[in-house]
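K.L.:
Structure below; questions to follow.
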Amino acid sequence: MKRKARETLLAYLFLLPSFLVLGTFVFWPVGFSFVLSFFRWDFKNMRNPVFAGFENYAEIFRFQSLPSHSFAYSLIETLTVIAVCFAVVLSLYAFTKRPYLSTITVMVSAMCFWFATNYKISTILVVVLLALIYALLRNKAVFSKHGIGISLITLLLIALWIFFDKRIYTVVNFFLESRDKNLFIKAIYNTLYYVVLSVPTTIGLALIIALLLNSNIKLRAFFRTAYFVPFVTSVVAISLVWRWIFDDAYGLLNYLLSFFKISKIAWLKDERWTIPTIAIVSIWKTVGYDAVILLAGLQNIDKSYYEAAEVDGAKAWDKFLYITWPLLTPTTFFLLVVSLISSFKVFTEVYVLYSGLPGPYNNSGMTMVYYVFDRFYVQQRMGIACAAAYILFAIILIFTALQFWLSRRTVEYIS
């Protein structure tokens with residue numbers, strides 16, 4: 001007993017320096033900033049912050065003029081659209097096994113669609129519809145067999161519905177209307193726009209590069225290093241180089257586009273290209289790292305799976321779809337989580353590309369981290385900056401938790 005206690009004490013003594021460093025530079029600032037988010041801490045109250053409760057959080061979401069609908073209303077409309085599309089698609093797959101329940105689900109879906117687009121009182125029907133969807137999902141064989149197809153078709157139906165039916169007021173419509181009435185909501189919109197552009201594109205390109213590097217090509221080590229070099233290069237240096245490339249008058253990118261008879265694009269002067277420009281720089285920097293990680297995942301797949309598939313006469317696409325991709329899901333899941341977190345924290349590219357400004361004009365490059373920077377260092381409103389930082393933390397936490405929940409169904413681990 002004494003020996004075990006002595007070993008435990010010795011272990012904690014070895015960990016004590018790490019605890020002291022983390023506590024001083026990580027845990028204490030994080031906790032203290034959370035407390036300060038409830039105080040009015042600005043240039044006037046620098047030495048004695050004044051307790052303000054949730055005033056900072058309310059100030060962040062204060063509108064110059066109110067949007068036509070509330071966020072809660074737009075969220076209900078969004079859930080209606082998702083529930084209707086998902087229920088219809090799922091019912092079609094489950095019809096052969098549960099025709100009675102599937103027919104009821106389709107009928108309720110049609111009612112939700114009608115009320116959502118005409119009378120705006122679909123909340124109760126959505127609750128009923130979600131209950132029917134849950135009953136259908138209990139048939140796990142149907143969902144496990146067609147889960148990917150159901151998800152893709154559902155997303156397609158949602159996009160088509162929102163695009164063609166202007167009467168639907170979803171969360172997307174709320175952000176589009178509110179981004180010019182609240183700076184923080186515009187920062188959220190720009191950040192989400194950047195995440196949607198950069199994360200899937202980076203992982204998709206990295207997967208293609210990893211598959212090519214995993215094949216028997218010459219100079220594989222050279223190409224692997226060449227793709228990885230941008231990741232270890234300074235973000236400031238990369239952004240400065242791309243600032244020259246994006247120059248609308250003498251930039252290399254417009255020069256290359258001229259060969260395809262494409263007129264010059266004002267990459268750094270047109271607000272429509274602000275977020276795509278930042279995404280291009282980020283993709284070019286990160287794709288090499290993702291490719292190397294995916295390449296390591298590919299090389300860990302046992303060759304016997306492919307040999308068995310070849311014996312059965314499987315084609316290259318079949319081997320990728322049923323062997324490579326399922327066994328690569330743990331690596332892809334890791335990259336997705338890391339990429340999503342880092343994308344939400346984009347700042348340096350904006351600051352360097354636009355010389356310390358949030359875009360060319362109209363705050364077109366305002367991201368959530370830039371908002372925190374502007375409120376803290378420029379406007380000296382540190383309490384609001386702390387509150388905005390914790391809202392960003394909550395958003396990242398929600399998306400990360402959602403990814404871990406989805407990973408239970410999609411990620412396949414080999415024991």
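K.L.:
Could you tell me how many of the residues in region 35-54 are exposed (fewer than 11 other Cβ atoms within 10 Å of the Cβ) and polar (S, T, N, Q)?
P.N.:
The total comes to 1.
K.L.:
While we're looking at this one, here's another question. For residues that are within 12 Å of Ala387 (Cβ to Cβ) and of a type in the set (Val, Ile, Thr), tally how many sit in region 28-42.
P.N.:
Residues meeting the conditions: 1.
K.L.:
Just to be sure before I move on: is Ile341 farther than 18 Å from Gln403 by Cα and either in a loop (DSSP other than H, G, I, E, B) or touching a helix residue (DSSP H, G or I) at 6+ places or on another chain (Cβ under 7 Å) (or both) in the structure I sent? Can you show your working first?
P.N.:
Values: farther than 18 Å from Gln403 by Cα: no; either in a loop (DSSP other than H, G, I, E, B) or touching a helix residue (DSSP H, G or I) at 6+ places or on another chain (Cβ under 7 Å) (or both): yes.
Taking the combined requirement at face value, the residue does not satisfy it.
K.L.:
Restricted to region 297-338, and to residues that are of a type in the set (Gly, Ala, Ser) and loosely packed, with under 12 Cβ neighbours inside 10 Å, which residue is farthest from Thr225 (Cα to Cα)?
P.N.:
Residue satisfying both the conditions and the ranking: Gly313.
K.L.:
Here's something else I'd like to know. Looking only at region 206-220, decide whether some residue is without any contact (Cβ under 8 Å) to a residue 12 or more places away in the chain, under 23 Å from Tyr194 (Cα atoms) and touching a helix residue (DSSP H, G or I) at 6+ places or on another chain (Cβ under 9 Å).
P.N.:
Restricting attention to region 206-220, the residues satisfying the condition of being without any contact (Cβ under 8 Å) to a residue 12 or more places away in the chain are 208, 212, 215-220.
Subsequent filtering for residues that are under 23 Å from Tyr194 (Cα atoms) retains 208.
Of the ones still in play, those that are also touching a helix residue (DSSP H, G or I) at 6+ places or on another chain (Cβ under 9 Å) are 208.
Checking region 206-220: at least one residue is without any contact (Cβ under 8 Å) to a residue 12 or more places away in the chain, under 23 Å from Tyr194 (Cα atoms) and touching a helix residue (DSSP H, G or I) at 6+ places or on another chain (Cβ under 9 Å).
K.L.:
Give just the number: which of (1) closer than 23 Å to Phe39 by Cβ; (2) in contact (Cβ under 8 Å) with a residue 12 or more places away in the chain does Pro360 not satisfy?
P.N.:
(1)
K.L.:
Mind listing whichever residues of region 365-413 are in contact with a helix residue (DSSP H, G or I) (Cβ under 7 Å, 6 or more places away or on another chain), surrounded by fewer than 23 Cβ atoms within 10 Å (Cβ to Cβ) and outside any helix (DSSP H, G or I)?
P.N.:
If the condition is that a residue be in contact with a helix residue (DSSP H, G or I) (Cβ under 7 Å, 6 or more places away or on another chain), surrounded by fewer than 23 Cβ atoms within 10 Å (Cβ to Cβ) and outside any helix (DSSP H, G or I), then Arg381, Val411, Glu412, Tyr413 are the ones that fit.
K.L.:
For region 266-288, give me each residue that is of a type in the set (S, T, N, Q) and over 11 Å from Thr202 (Cβ atoms). Show your work before the answer.
P.N.:
If we filter region 266-288 for residues that are of a type in the set (S, T, N, Q), which is where we start, we get 274, 277, 282, 286.
Within region 266-288, Thr274, Thr277 qualify.
K.L.:
Can you pull out the residues in region 240-256 that are within 28 Å of Leu211 (Cα to Cα) and surrounded by 12 or more Cβ atoms within 10 Å (Cβ to Cβ)?
P.N.:
Quick first cut of region 240-256, residues within 28 Å of Leu211 (Cα to Cα) only: 242, 253, 256.
Matches in region 240-256: Trp242, Leu253.
K.L.:
Tell me which residues, restricted to region 241-251, are part of a helix (DSSP H, G or I) and either in contact with a Cys (Cβ under 9 Å, 6 or more places away or on another chain) or farther than 14 Å from Thr277 by Cβ (or both). Spell out how you get there, then give the answer.
P.N.:
Here is the first cut: in region 241-251, the ones part of a helix (DSSP H, G or I) are 241-245.
If the condition is that a residue be part of a helix (DSSP H, G or I) and either in contact with a Cys (Cβ under 9 Å, 6 or more places away or on another chain) or farther than 14 Å from Thr277 by Cβ (or both), then no residue fits.
K.L.:
A follow-up question, please. From the list Val281, Val287, Val292, exactly one residue is within 19 Å of Leu335 (Cα to Cα), assigned to a helix (DSSP H, G or I) and in contact with an Asp or Glu (Cβ under 7 Å, 6 or more places away or on another chain). Which is it?
P.N.:
Values: Val287 fails: in contact with an Asp or Glu (Cβ under 7 Å, 6 or more places away or on another chain); Val292 fails: in contact with an Asp or Glu (Cβ under 7 Å, 6 or more places away or on another chain).
The match here is Val281.
K.L.:
Spot the failing condition for Gly359; the list is (1) on the phi < 0 side of the Ramachandran plot; (2) crowded, with 18+ Cβ neighbours inside 10 Å, and only one is missed.
P.N.:
Condition (1) is where Gly359 drops out.
Residue-wise test of (1) β-branched (Val, Ile, Thr); (2) touching a Gly at 6+ places or on another chain (Cβ under 6 Å).
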| position | (1), (2) |
| --- | --- |
| Ile238 | yes, no |
| Arg243 | no, no |
| Phe246 | no, no |
| Leu253 | no, no |
| Leu257 | no, no |
| Ala266 | no, no |
| Asp270 | no, no |
| Thr274 | yes, yes |
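K.L.:
Could I ask something else about it? Please find, among Leu240, Leu257, the residue that is out of contact with any His (no Cβ under 8 Å at 6 or more places or on another chain) and either more than 19 Å from Ser355 (Cβ to Cβ) or not aliphatic (A, V, I, L, M) (or both).
P.N.:
So the residue among Leu240, Leu257 that is out of contact with any His (no Cβ under 8 Å at 6 or more places or on another chain) and either more than 19 Å from Ser355 (Cβ to Cβ) or not aliphatic (A, V, I, L, M) (or both) is Leu257.
K.L.:
Cβ-Cβ distance below 7 Å, separation of 6 or more or different chains: which pairs start in region 58-84 with a residue that is buried (at least 19 other Cβ atoms within 10 Å of the Cβ) and end on one that is outside any helix (DSSP H, G or I) and not aromatic (Phe, Trp, Tyr)?
P.N.:
Once the first residue is buried (at least 19 other Cβ atoms within 10 Å of the Cβ) and sits in region 58-84, its partners that are outside any helix (DSSP H, G or I) and not aromatic (Phe, Trp, Tyr) give Pro67/Lys181; Ser74/Thr170; Glu77/Ile168; Glu77/Thr170; Thr78/Thr170; Thr80/Ser122; Val81/Ile168; Val81/Thr170.
K.L.:
Looking at region 1-52, which of the residues that are in contact (Cβ under 8 Å) with a residue 40 or more places away in the chain and assigned to a strand (DSSP E or B) is nearest to Gln380 (Cα to Cα)?
P.N.:
Among them, the one singled out is Asp42.
K.L.:
Also, quick follow-up: In the list Phe38, Phe27, Phe32, which residue meets the criterion of being touching a strand residue (DSSP E or B) at 6+ places or on another chain (Cβ under 8 Å) and not β-branched (Val, Ile, Thr)? Spell out the reasoning first.
P.N.:
Values: Phe27 fails: touching a strand residue (DSSP E or B) at 6+ places or on another chain (Cβ under 8 Å); Phe32 fails: touching a strand residue (DSSP E or B) at 6+ places or on another chain (Cβ under 8 Å).
After applying the criteria, what remains is Phe38.
K.L.:
Does region 340-394 hold any residues that are in contact with a Pro (Cβ under 9 Å, 6 or more places away or on another chain) and among the polar types (S, T, N, Q), and which are they?
P.N.:
Ser364, Thr367, listed by residue number.
Where a number appears in this text, it was derived from the coordinates with a stated rule and is not lab data. Everything numeric here is computed off the predicted structure, so don't read it as measured data. Quick reminder, even Gly has a Cβ in these numbers, built from the backbone with ideal geometry, and neighbours come from all protein chains shown.
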